[in-house]
1. Only residues in region 108-134 that are under 17 Å from ASN156 (Cα atoms) and of a type in the set (Val, Ile, Thr) count as the first member; pair them with residues that are in a loop (DSSP other than H, G, I, E, B) and at pLDDT 85 or above, Cβ under 7 angstrom, at least 6 apart or cross-chain, and list the lot.
2. Residues that are crowded, with 19+ Cβ neighbours inside 10 Å, in a loop (DSSP other than H, G, I, E, B) and free of Cβ contacts under 8 Å to residues at least 40 places away in the same chain: does region 261-268 have at least one?
3. Can you name the residue in region 113-161 that is in a loop (DSSP other than H, G, I, E, B) and of a type in the set (A, V, I, L, M) and is also farthest from the chain's Cα centre (by Cα) among such residues?
4. Of everything in region 135-158, what is touching a residue at least 40 places away in the same chain (Cβ under 8 Å) and among the polar types (S, T, N, Q)? Give them in sequence order.
5. Kindly provide the set of residues from region 194-224 that are hydrophobic (A, V, I, L, M, F, W, C) and part of a loop (DSSP other than H, G, I, E, B), ordered by number.
6. Just to verify a result, which residue in region 73-107, among those that are surrounded by 18 or more Cβ atoms within 10 Å (Cβ to Cβ) and assigned to a helix (DSSP H, G or I), is modelled with the highest pLDDT?
7. Within region 223-271, work out how many residues are aliphatic (A, V, I, L, M) and closer than 23 Å to LEU131 by Cα.
8. Limited to region 9-30, what total is found for residues that are among the hydroxyl-bearing types (Ser, Thr, Tyr) and either in a strand (DSSP E or B) or touching a Pro at 6+ places or on another chain (Cβ under 6 Å) (or both)?
Amino acid sequence: MIGGYRIVRKVAAGGFGVVYLAVDTGGQQVAIKEYLPSSLATRMPGALLPEVPPEKLSLYRLGLKSFFEEGRSLAQISHPSVVSVMNFFRENETVYMVMNYLEGASLQDFIITARDLKQPKVFRESTIRSLFDEILRGLRIVHQHKMLHLDIKPANIFITDDNKAVLIDFGAAREVLSKEGNFIRPMYTPGFAAPEMYRRDASMGPWTDIYAIGACIYACMQGYPPNEAPQRLEKDRIAIALTRLRGVYSDNLIEVVEWCMSLDPLSRPQSVFALQKELSREGERQYTKLSVGEKVRLQFDTMVSDTKKNVQKVTAVSGKLK
């Protein structure tokens, strides 16, 4: 029993915490998320209290405070596309967030299943537009509450059994630890994290979440995540990848993704409303197919890129042999 809830089983565990299926006093199923960053704390089997080394205690408490404040802010939001936080409390020297228990699967699960069918379109355009219209309605409310999600990715977009799209697993506390902790590996997901998340001094805002939305739409179109931001800053291949989808998806949708995923934060939509407005322009859909010349150039670019990759691999292997 934790805080009056009976834990049934562990549902998921990541680098930042543990999620349990639990039952409240009325017998209703809930999900409980526990703050337990694996890089800062350990816990012996059967124990309730986490063990935090003295040198990591201040960072652990900083993340704890941020996690608690996130729970308090989320509890004030009531929207069908945002996970519902019903309660949050401190116990066992950590914090627990009680949320409504959702049944269904993540968008990531759907992308993997759809990708394996090897169709020209991973998702239909109408599906992508209606799905992200729902998600953006929720995200707009989040931003109106002066909050950012900071970890939008297909694994954190949940599609319920009654066909609702819900944003889950907010990352504000994770972001605090990433910025302050000097960890070897960042705590956010490559491909979906905006370039400014990799810099300590950069200011983040709605445009940061909007980059991640663009990356999620890209994943729905391609079946795979885009290259991570540091790679894109060296050599950006997003435009080439999206050009291949011309004629499969509308010019408008391709342009929306490019707009959202601009490396310069000021070149992206600055608000969810601006993005919603553009995403709802279905009437202007054009499908411009690639010309023969463009196809040849694309094929050539791909061959050059593949050759470079193979040369790099051979160089790396020969370096190891030496």
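The values are calculated or read from the model by the stated rules, or taken from the named source; none is laboratory data. This is a predicted model, so every value here is computed, not measured. Neighbour counts are summed over all protein chains in view; Cβ atoms, including those assigned to glycine, are modelled from backbone coordinates with ideal geometry.
1. ILE111/GLY223
2. no
3. Taking the candidates together, the pick is LEU117.
4. Scanning region 135-158 gives a single hit, ASN156.
5. ALA194, ALA202, MET204
6. Checking each candidate, the answer is LEU107.
7. Result for region 223-271: 10.
8. 1
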